[in-house]
Amino acid sequence: MTRLTNALLADGRRVDIGISEGRIASIDSACAASSAGAPTIDLEGALLVPGFVDGHVHLDKTLLGLPFQPHRPGDSIAERIARERELRRELRSPVGERAKRLIDQIVPLGTTALRSHVDIDPEVGLSGLHALLRLRETTRAVDIQLVAFPQSGIMISPDVADLLDAAIGEGADLVGGLDPAGIDNDVEGHLGVIFRIAERHGVGLDIHLHDPGPLGCWELRQIAARTLAAGLVGRVAVSHAFALGAVDDGEFGRTAEALARAEVAIMTNGPGPVPMPPVRRLVAAGVRVFAGSDNIRDAWSPLGDGDMLARAMLIAYRQDFRADADLELAFDLTTRASAGALGLENDGIRVGAIADLVAMPAGSIAEAVAARPRRSLVMKRGRVVARDGVLLERGVEA
Ligand SMILES: [Zn+2]
């Protein structure tokens, strides 16, 4: 048993929390219970929240640890894919080492679970997946889900369909996809391949969709229809879905209704000056929206640091969120909603919940999003894995 004393909860209560066998065993009013002999950590009134869940990251792409790489621009997604391949060939830097550096950076920021896409293409085959599967074996400070991601398309790279199928067989958790219209110019073909693989293996999907406007919304409705037909309700996500932010009310309403019915979740990273999914309208329509970092210091973006509290702030900024309730919604995208989208236990701070916890000096969730204070303590399944921004353990025994 470990005790965290003098914690401030989001609802304003000050409590002492007992932790046993990786779960929250008790929640008492601060100082009400004695902690006879149990190791105690005094949180000194810090706000205690559930661990952050990064719902979309690319562990294999980051260039962290290498000399800074000037960005190589491309005018289209296809051009940027080509630039990334060039860089990858030149650098020949092992995926596992770069991914490990990113994990070491985000654990002290409070991320306790993540979903990473991993490139599957004819050039790298399954090598990136194998590197991340090995890293997952020795990483206990953060739970890792892996999406087999066809970064170079499927219908235009025929071997990729078989590679995606093999990736799931070898341990990837979900099947990915990428702009069925914009990259493959074959919506039926692309979606047919990835839904067949998902059905055959009984896994979910997470599809990158940058295709714009009514075309993108039509694809979203196709995805929702296939989700229902495949019996994958609640197990499909679409990442980015910029289209939802650039259509009229009728198109938006039809699409949101289809997504809600099939429980297709929408991931946003609060992108730069492009349309983005309108968070409040989607949530009001019953669609689960969650957040992720996406690119962190890689060929796609030289920016990003993996801080999900900063991500909540960026989403709030892009959505013009100002009221406390709206900042709390942005925060929810990085914790409860992300956990739900990933199929993780997500019931916050209650007796019986997994002790994935983050403490930080703030008086409320809204203040935390605004101020983005240092994380004074990060706990993974009841083990302290980081304190005051310093990583203590990446790999700990379960
Ligand atoms: Zn991505």
**Item:** Kirkwood Rh, Cα atoms: Rg over Rh of the chain
**Value:** 0.97
**Request:** Using packing as a proxy for protection, rank 55-67, 93-105, 314-326, 71-83 so that the peptide with the highest average count of other Cβ atoms within 10 Å comes first.
**Result:** 55-67, 93-105, 314-326, 71-83
**Message:** For region 291-391, take the convex hull of the Cα atoms, compute a quarter of its surface area, and give me that in nm², please.
**Reply:** 7.3 nm²
**Message:** Taking the 0 to 90 degree range and rounding to the nearest ten, how far is the long axis of helix 77-91 tilted relative to the main principal axis of the chain, both from C-alpha atoms?
**Reply:** 70 degrees
**Request:** Kindly provide the Kirkwood hydrodynamic radius of region 136-211 in Å, to one decimal, from all pairs of distinct alpha carbon atoms.
**Result:** 12.7 Å
**Prompt:** What is the chain's relative contact order, in percent, from Cα pairs under 8 angstrom and six or more apart in sequence?
**Reply:** 21 percent
**Item:** Average projected area [Cα convex hull, region 15-136], square nanometres
**Value:** 11.0 nm²
**Request:** Figure the gain on full extension for Arg350 and His201 (residue separation times 0.36 nm, minus the Cα-Cα span) and round it to one decimal in nm.
**Result:** 50.2 nm
**Fill in**
Simple spin-label estimate for Arg23/Arg134, 7 Å along Cα→Cβ, in nm, reads 3.6 nm
**Message:** Please report the projected area of region 205-339's Cα convex hull averaged over all directions, in nm².
**Reply:** 7.8 nm²
**Request:** Please report the relative contact order for region 262-398, taking Cα pairs under 8 Å with a sequence separation of at least 6, and give it as a percent rounded to a whole number.
**Result:** 17 percent
**Request:** Set the Förster distance to 25 Å, then compute FRET efficiency between Asp11 and Leu392 from the Cβ-Cβ distance, nearest 0.05.
**Result:** 0.30
**Message:** Starting from 0.36 nm per residue, how many nanometres of slack lie between Asp104 and Ala229 once their C-alpha separation is accounted for?
**Reply:** 40.9 nm
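A short reminder: the numbers here are calculations on the coordinates, not readings from a lab. In this text the structure is predicted, and so the values were computed from the model without any measurement. Note: ideal-geometry Cβ built from the backbone for every residue, glycine included; neighbour counts use all protein chains shown.
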